[in-house]
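Read-outs throughout are calculated quantities, based only on the coordinates presented, and are distinct from any laboratory measurement. Note that the structure is predicted; figures quoted are calculated from it, not measured. Cβ atoms come from the backbone with ideal geometry, glycine included; neighbour counts cover every protein chain shown.
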Amino acid sequence: MQVDRTSEWFVPKFGSKKFRISIGILFLPYTSIVTCFAALGAISGPLQLERIIAICVIYVLALGVGAHLLDAVGGKTKPWGNLPKRKIVVIALSAISIAFSVGIYFAFLDSPWLFLIGVIEGFFLFAYSLELFGGKFHNNISTIFSWGILPVFAGSIIQTNSITFEAIVIATITGLVTYALITTSRQYKLLKRDNGDPHIIKKKECILKLITIGVIVTTIIFFIMRYYNVV
């Protein structure tokens, strides 16, 4: 039975255990996917590069660092072992504070609807990661909504202070992609935990890699096409 997650595909196979956990705990493929969702929402509007960068920074810090670190020390399970809780919490809250500061700046500047997105995302960030309210929000629906849909809306709002029709279409697609991602990821995790069939584990791993690469490449292509006014 797998006692931790250091053997999973997104964890480096080299370096000390401390280094491997430090990278693995960030769930970089999943962080990249959600960041791309936010970028897609921002790219769907007027192409203001500083705002695309800003929304990406917000999600990298809030989700990639903040939420994942809180989940590592605040969840019911401890897949990364016994980590220094105080240090982890300080780093997580610092990252979240910076992310929210960037969001507040643009909200006050000309995108006040970001306040609403920030409140909702903040709720899910803490409710999901710390399994508050008896873990009622630690589920697929919360993940799809907070990871797959809201980032696209946030990206659209930071550019236009509105949720455009294009953003709604993109969010529908990213919601479906997120469902496929978390379903496959949980199957993969259970197989790893129970020492399942290596061939099935490899197949699930390939699917997760393809989803990750597909989202990143699609985002880059969409950005290039918008930059050169192809779409």
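Where nothing but the Cβ of Lys and Arg (+1) and of Asp and Glu (-1) is charged, how large is the charge dipole of the chain around its Cα centre, in debye to the nearest 20? Walk me through the numbers on the way to the answer.
Details: 21 positive and 11 negative charges, 206 e Å.
Result for the chain is approximately 1000 debye, rounded to the nearest 20.
Residue separation times 0.36 nm, minus the C-alpha to C-alpha distance between K85 and Y227: what's the value?
Values: separation 142, 0.36 × 142 = 51.12 nm, distance 4.37 nm.
46.7 nm is the gain from fully extending K85 to Y227.
Of L208, L83, T172, whose Cα points farthest to the positive end of the dipole of region 17-227 (charges on the beta-carbon: +1 Lys, Arg; -1 Asp, Glu; origin at the Cα centre)? It is L83, whose Cα lies furthest towards the positive end. Past 31 Å, Cα to Cα: identify those pairs from K87/K203; K87/K136; K13/K136, in the order given. Beyond 31 Å: K87/K203; K13/K136. Using only Cα atoms, tell me the angle between helix 28-43 and the longest principal axis of the chain; keep it within 0 to 90° and round to the nearest 10. Taking the Cα atoms of the chain, the angle to 28-43 is about 10 degrees.
Residue pairs exceeding 26 angstrom between C-alpha atoms, taken from K85/K209; K85/K202; K18/K85: K85/K209; K85/K202. Hey, which aspartates and glutamates would be in cross-link range of K204, C-alpha to C-alpha under 16 Å, not counting anything within fewer than 8 residues on its own chain? K204 reaches E8, D194.
Modelled spin labels at I53 and T172, positioned 7 Å past Cα toward Cβ, are 3.4 nm from each other. Packing-based ranking of 80-90, 172-182 yields 172-182, 80-90, ordered from highest to lowest mean Cβ neighbour count within 10 Å. Cα centroids of region 56-94 and region 114-187: 18 Å apart.
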